[in-house]
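Okay, so here's the structure we're looking at.
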Amino acid sequence: MTALKDCQHFSSGECRSCGLLNLSYAKQLKVKQEQTLQALAPFINNDTEIESICGAEPAMASRLKTKLAVSGTVENPILGYPQSSGEVIDIKHCPIVDIELNRLATQLRELITAEKLEPYQIHSRSGELKYIILKKSYFYPQVMLRFVLRSKELVRRIRDILPELRNLMRDRGREIQTISVNIQPLPAAIVEGSEEIMLTEEVYLEDRLAQTELLFSPQSFSQVTPQIAEKLYLKASQKLRAVNSSSVLDLFCGVGAFGLVALRHNPQLKQVTAVESTATAVMAANLAANKNALTNYRAEQIVVEDFAELKSHRHHDTLIVNPPRKGLGEKIAQFVIGQKPKHLLYSSCSLSTLAKDLACLSPEYKLNSVAVFDMFPMTEHFEVLVQLEH
């Protein structure tokens, strides 16, 4: 596939978010696999299993989540991707985003005009509507819609049109299940604020990945390409089964996907203890455990660094870590070494920080396997799952 012709915004030079769009997809996968092996070369030994990269099928229109910056005017709203200058590229159709979400974005453009929802102006710091965030369930016919506003001025107006918003996708057999407003008052390049106002009774978007029920709250982290996320979670689960893991500590657990999928598919796994700093994500994880009838799962709300400082910890034979882009850092890496788990699964979205963390862990742990997952087709980004053994 020569993807260049598939995106007018890329071919015109106005958008370069998809840095690999001019390569065939097979070439993209080869590049990402080679980059991974080069970055991890110091830790790869004769026994390290190198698995084939897992690509998306199809790669185009595979993203089920999109964040659209809002600019322009009420009469001519602009929805697209922000640039470093603060300007927003008007993206009327993004070919890597799900077709239904693209259509919904078009409907929301019309609604901005009809309901006079004033777009935010970054230079004059006026207007209200900053972002629209859309997320579609992979398994269920549900969609989450979030409006990011400068203040609460438009909240009542949006609440008044709630029935209309919920019906936007009914003709396509889908329901906009969860609608909320996020308040981000700062004139800074920050997408979301801390305050979330729910406009629907339904707080969570439901999904099912790897035969496991998951719940996503508006502010909880979720992967943008669920078809690849499902394969990532299943691969981690298979690794636990292969080493006969019985007790897992899951750090940076988010809504609990790694631990819940592992319990769902591993009868030998007796207990998963999960740690996450975001309250809504912890609540979602524990509620999902109940939906899956997994009584041996427990998520705790605590910052991972604070958790590491606690004086007593139950021993687990396996640790799962899925840190943000900044990685574990030396403090958490030393905590992991001190816990002495027999096995460690590390899911990373940054090769550079993964390599730094492996340098800290390598005196005590050897690299058993490497698997690459193309979570972000057409871009330079991807996910890597490594398995280490004490």
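The values are calculated or read from the model by the stated rules, or taken from the named source; none is laboratory data. Please read these numbers as outputs of a predicted model, since none were measured by experiment. Neighbour counts run over all protein chains shown; Cβ positions are idealised from the backbone, glycine included. The protein model used for the area step is the full one, side chains on, heavy atoms only, and it has no ligands, DNA or RNA in it. Shrake-Rupley method; radii C 1.70, N 1.55, O 1.52, S 1.80 Å.
Numbers for the structure displayed
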{"read-out": "Where GluC sites (Glu not before Pro) fall in DSSP loop in segment 162-233, at most 10 other Cβ within 10 Å", "value": "201"}
{"read-out": "Sulfur and carbon atoms: percent of accessible area, segment 1-109 [1.4 Å]", "value": "51 percent"}
{"read-out": "Inter-probe distance in nm under a simple model that places probes 7 Å from Cα toward Cβ, at residue 57 and residue 37", "value": "2.2 nm"}
{"read-out": "Exposure rank, largest accessible area first [375, 60; 1.4 Å]", "value": "60, 375"}
{"read-out": "Counting DSSP beta bridges with both ends in the chain, the antiparallel % (nearest 5)", "value": "60 percent"}
{"read-out": "Size of electric dipole in the chain: Cβ of Lys, Arg +1 and of Asp, Glu -1, about Cα centre, debye, nearest 20", "value": "260 debye"}
{"read-out": "For the chain, with +1 on Lys and Arg beta carbons and -1 on Asp and Glu, the positive-most of 102, 370, 199 along the dipole", "value": "370"}
{"read-out": "Square roots of 5 times each gyration tensor eigenvalue, C-alpha, segment 285-347, largest first, Å", "value": "22, 14, 13"}
{"read-out": "Residue pairs, from the table 231/311; 27/235; 27/342; 135/231; 239/270, whose Cα atoms sit over 25 Å apart", "value": "231/311; 27/342"}
{"read-out": "Accessible area of residue 47 in the full protein assembly, 1.4 Å probe (Å², nearest 10)", "value": "120 Å²"}
{"read-out": "Length released on extending from residue 172 to residue 116, taking residue separation times 0.36 nm less the Cα-Cα span", "value": "17.6 nm"}
{"read-out": "Trypsin sites (Lys or Arg not before Pro) within segment 223-281, DSSP loop, no more than 13 other Cβ atoms inside 10 Å", "value": "270"}
{"read-out": "Rg over Rh [alpha-carbon atoms, Kirkwood Rh] for segment 253-390", "value": "0.95"}
{"read-out": "Size of segment 78-130 as Cα extents on the principal axes (Å, biggest first)", "value": "34, 29, 11"}
{"read-out": "Relative contact order (%) - criterion: Cα under 8 Å, at least six apart; region: segment 252-360", "value": "24 percent"}
{"read-out": "Extension reserve of the residue 46-residue 315 stretch, reckoned as 0.36 nm per residue once the Cα distance is removed", "value": "93.8 nm"}
{"read-out": "Values of log10 I(q)/I(0), in the order q = 0.19, 0.22 Å⁻¹, for segment 189-305 under a Debye, Cα-only, solvent-free model", "value": "-0.99, -1.28"}
{"read-out": "Rounded FRET efficiency, nearest 0.05, which uses the C-beta distance separating residue 364 from residue 246 and R0 of 22 Å", "value": "0.60"}
{"read-out": "Calculated P(r) of segment 29-151 - Cα pairs past 24 Å, %", "value": "45 percent"}
{"read-out": "Qualifying GluC sites (Glu not before Pro) for segment 41-86 [loop in DSSP, other Cβ within 10 Å: at most 10]", "value": "75"}
{"read-out": "On Cα atoms only, tilt of 25-39 relative to the major axis of the chain in degrees", "value": "50 degrees"}
{"read-out": "Protein accessible area in segment 270-317, 1.4 Å probe - carbon and sulfur %", "value": "51 percent"}
{"read-out": "Average accessible surface area per residue within the chain, 1.4 Å rolling probe, Å²", "value": "43 Å²"}
{"read-out": "At q = 0.07 Å⁻¹, base-10 log of I(q)/I(0) for the chain (Debye sum, equal scatterers on each alpha carbon)", "value": "-0.34"}
{"read-out": "Cα-projected label distance for residue 270 with residue 380, points at 7 Å along beta-carbon direction, nm", "value": "4.7 nm"}
{"read-out": "Listed residues 209, 23, 79, most fluctuating in the chain (Gaussian network, C-alpha, under 10 Å)", "value": "23"}
{"read-out": "Pair-distance profile P(r), taking every C-alpha pair of segment 101-179, with 5 angstrom steps and integer %", "value": "3, 14, 26, 26, 16, 9, 4, 1, 0"}
{"read-out": "Computed over segment 242-289, Kirkwood Rh from alpha-carbon pairs, angstrom", "value": "10.8 Å"}
{"read-out": "Span from the segment 259-318 Cα centroid across to the segment 142-171 one, whole angstrom", "value": "33 Å"}
